[in-house]
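A.B. asks: Sharing a structure, written as structure tokens. Questions coming.
The values are calculated or read from the model by the stated rules, or taken from the named source; none is laboratory data. On a predicted model such as this, the values are computed, not experimentally measured, just so you know. Cβ coordinates were reconstructed from backbone atoms using ideal geometry, including for glycine residues, and neighbour counts include every protein chain displayed. Note: areas computed on protein heavy atoms with side chains; ligands, DNA, RNA excluded. Shrake-Rupley method; radii C 1.70, N 1.55, O 1.52, S 1.80 Å.
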Amino acid sequence: HRGPVLNSIQKLYLRTIARWIFKKVDIVRCLTHEDAQEVMRYGAPPSKIRVVPNPINTDLFKPGIRRAKDMLVWTGRMVPEKGLRYLIEAMNLLVHRYRHKDVRLLLIGAGPQQFLLYKLVKKYRLSNNINFLGWLPRKKVAEYLSKATLFVFPSLREGMPFSLLEALASGLPAVGSNVPGVRSLIIHKYNGLLVPPKDSISLARAIAYLLENKDLRLEMSRNARKYIMANFSYQRVLPLMEQLYTEAIKLHYGHSRCRS
């Protein structure tokens, strides 16, 4: 959702060109079952849809030996749909209302909203609590995730975010918005907590709750890693991808022979 004009263009595309594309292709790959339901509304035949998630490198992204105290991490592109203004508002509540004076938030990434976020940090007097690290190599990102306490992800809309996959693979409990793409990865009260989108108070309360409950964090950390290994590791997903392409090739050339 990027304003009335772009929203209208997107709707026009989905109702015309996208419908035509869905009819022409052999297979439509969706990352989640929620994605599958959405593309069906725009004309993708159910018989063509296959749900195959993104894989994650669980050798690079893995838990560290020691965790830093009260260290939160977010990674991604700083755009409005990532909901970062609500995260900074939540940090204001954590520091000034809930008395978590030593909590730190590391923001890894950059984007068009960066200047606005700087201003919010200054407005709420959070310069000692929030650090902007910019874009980092994946190996460095993995190091920070392996040492952090929690991952925070207040997005308003997602597909299947690699940022969240990487955090969970690193054994990080996650606090995220209850929106498509996020709730398919964060299982509420199992490997993290889900909160309503655009709700800074609920976000702050969820973060504070996990910071104050170490045993629960440790349990969620184990569950996070286990969930990723069972569903999103290379060993799990790459055979599904190979099967998907093999099926697509057979279908395509089978259709070609029929037409000839």
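A.B. asks: Do you know which residues across the stretch 28-42 are surrounded by fewer than 16 Cβ atoms within 10 Å (Cβ to Cβ) and assigned to a loop (DSSP other than H, G, I, E, B)?
C.D. replies: Within the stretch 28-42, just Tyr42 meets the criteria.
A.B. asks: In the stretch 150-159, which residue that is surrounded by 21 or more Cβ atoms within 10 Å (Cβ to Cβ) and of a type in the set (A, V, I, L, M) is farthest from Glu34 (Cα to Cα)?
C.D. replies: Within the stretch 150-159, the match that is farthest from Glu34 (Cα to Cα) is Leu150.
A.B. asks: Right, next: Considering each residue of the stretch 184-204, count those that are at pLDDT 95 or above and either surrounded by fewer than 18 Cβ atoms within 10 Å (Cβ to Cβ) or of a type in the set (Gly, Ala, Ser) (or both), and give that number.
C.D. replies: Within the stretch 184-204, residues that are at pLDDT 95 or above and either surrounded by fewer than 18 Cβ atoms within 10 Å (Cβ to Cβ) or of a type in the set (Gly, Ala, Ser) (or both) number 11.
A.B. asks: Quick one: is Val73 farther than 17 Å from Glu166 by Cβ, modelled with pLDDT of 95 or more and under 17 Å from the mean Cα position of the chain (by Cα)?
C.D. replies: Spelling it out, it is not the case that Val73 is farther than 17 Å from Glu166 by Cβ, modelled with pLDDT of 95 or more and under 17 Å from the mean Cα position of the chain (by Cα).
A.B. asks: Considering only residues that are open to solvent by less than 30 Å² (accessible area, probe 1.4 Å) and either out of contact with any strand residue (DSSP E or B) (no Cβ under 9 Å at 6 or more places or on another chain) or assigned to a loop (DSSP other than H, G, I, E, B) (or both), which ones fall in the stretch 160-183?
C.D. replies: Met160, Pro161, Ser170, Gly171, Leu172, Pro173, Val179, Gly181, Val182
A.B. asks: Something else: Count, please, the residues in the stretch 43-77 that happen to be among the β-branched types (Val, Ile, Thr), open to solvent by 30 Å² or more (accessible area, probe 1.4 Å) and touching a residue at least 12 places away in the same chain (Cβ under 8 Å).
C.D. replies: So the count comes out to 1.
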